[in-house]
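The next block holds one structure in the form of structure tokens; read it before the comments.
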Amino acid sequence: MANKILFCATVDYHFKAFHLPMMEWFKQQGWEVHVAAKGDMDLPFVDRKYNLPLARSPFRLMNVKAYRELKSIVNEQSYKIIHCHTPMGGVLARLAAQGTRRRGTKVIYTAHGFHFCKGAPLLNWALYYPIEKRLSRYTDCLITINSEDYNLAVSRNFKARRIEQVHGVGVNTAQFKPMPKIERWRFRQELDFRTDDFLMFYAAEFNKNKNHQLLIRAVAAIKDQVPHTRLLLAGQGPLLESCRELAARLGVENMIRFLGYRRDIDRLLPICDVAVASSLREGLPVNLMEAMACGLPIVAVRNRGHAELVEDGENGFIVEPQDMQTFAARLKQLSVSIELRRRLGSRSLQSVQKYGLNQVKQELSGIYKPIMEQSQEGLERFEWAVQ
């Protein structure tokens, strides 16, 4: 019987964005790779794909149908390992796998940032905490990607057989890297920027959590002192138009570039001077790791993911949420000092190395290998018992 692993998440784009390297690794080990998620995207390294009617919200009835379909798939395919991601993918996959775990299947869940955390709304704790605590009993390995989540799972006595921490999903430091000065200036000119423009970059969906309004207001606060400020915002989302309206209302529409969805972020980041991040909640944000790999200093609001990556005064600055005035002051401070930008950016480049793709692949393969052996031993014991 073929060794098979099932990756499960709410949407298939999650795997394209974050997990293709480990899918490729399983193919190199001779394993068959299956994916269950909503969407019809073609994914490399995948032998079989199931399009399930999954919804992000736990209150959608379509998740009941998705659970039934997923349980049928799990029972039919006899997976050695099931690795689930995202809150709803993690809930449904662990529920669906309860029976097959007794036959040797090993279940891994990666928490890309618990919805309950320090400062999270009470509703998040009331809803998500008891679910995650209960489902940890059906988890052979719980993987966390930041220290706060790891410490919380350990201190709250989550019942997973193992609790591990890895350095995120890995940033490709061969792709995201500093750009030579001549090339940097040339590319700026191609995009109609001046060599002395103060460029800031943020890539994120326009939604409430990403809090773009703080950045737009910070630009407005320094527009007279730093007239060559330019804020580059890559992404789409439901709050895009309201952010455009805010920029126009504050008189900074000419200082902000709304770039839409971009595939060339690895070229845009290195031409910038600073990366900014205003989101209220993050697990371990890839956009900041990519900026750090390009040698940029960071100005970010405080949350567990940002605090994991940014050491205040070392590779950037951490500002309290909604403190727009301090955020703006830090941007002005960086705008007038090339030496400060170089010092902080150099530190970013050094500290991001432990989050590199090769490092994370080693960490994950170190978790996978003993589980791969255990799943085979468990299956053999089950087959012997039923003979």
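Report those helices (runs of 4 or more DSSP H) wholly inside region 69-140 carrying at least 1 residues which are without any contact (Cβ under 8 Å) to a residue 24 or more places away in the chain.
Where helices (runs of 4 or more DSSP H) fall fully within region 69-140 and carry at least 1 residues being without any contact (Cβ under 8 Å) to a residue 24 or more places away in the chain, they are 122-135.
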From the option list Glu148, Glu190, single residue qualifying as within 28 Å of Leu331 (Cα to Cα) and either touching a Gly at 6+ places or on another chain (Cβ under 7 Å) or free of Cβ contacts under 8 Å to residues at least 40 places away in the same chain (or both) is Glu190
Mind checking which strands (runs of 3 or more DSSP E) fall wholly inside region 211-306 and carry at least 1 residues that are in the same structural domain as Arg194 (by TED's automatic domain parsing), touching a Gly at 6+ places or on another chain (Cβ under 6 Å) and on the phi < 0 side of the Ramachandran plot?
298-301
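Given Ala153, Ala66, which one is of a type in the set (Gly, Ala, Ser), crowded, with 18+ Cβ neighbours inside 10 Å, assigned to a helix (DSSP H, G or I) and over 22 Å from the mean Cα position of the chain (by Cα)?
Values: Ala153 fails: over 22 Å from the mean Cα position of the chain (by Cα).
Among Ala153, Ala66, only Ala66 is of a type in the set (Gly, Ala, Ser), crowded, with 18+ Cβ neighbours inside 10 Å, assigned to a helix (DSSP H, G or I) and over 22 Å from the mean Cα position of the chain (by Cα).
Assess whether Asn146 counts as being surrounded by 15 or more Cβ atoms within 10 Å (Cβ to Cβ) and in contact with a helix residue (DSSP H, G or I) (Cβ under 6 Å, 6 or more places away or on another chain).
Working: surrounded by 15 or more Cβ atoms within 10 Å (Cβ to Cβ): yes; in contact with a helix residue (DSSP H, G or I) (Cβ under 6 Å, 6 or more places away or on another chain): yes.
Taking the combined requirement at face value, the residue satisfies it.
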Matching residues, region 24-33, being surrounded by fewer than 19 Cβ atoms within 10 Å (Cβ to Cβ) and outside any loop (DSSP other than H, G, I, E, B):
Glu24, Trp25, Lys27, Gln28, Glu32
Scanning for something at positive phi, in the same structural domain as Lys133 (by TED's automatic domain parsing) and modelled with pLDDT under 95, does region 77-95 turn up at least one residue?
yes
Right, Lys49: part of a helix (DSSP H, G or I) and over 19 Å from the mean Cα position of the chain (by Cα) or not?
no
So how many residues does region 193-207 have that are in contact (Cβ under 8 Å) with a residue 40 or more places away in the chain, assigned to a loop (DSSP other than H, G, I, E, B) and within 28 Å of the chain's Cα centre (by Cα)?
1
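The values are calculated or read from the model by the stated rules, or taken from the named source; none is laboratory data. Computed from a predicted model, the values in this text were never measured in an experiment. Virtual Cβ from ideal backbone geometry, glycine too; neighbours counted across all protein chains shown.
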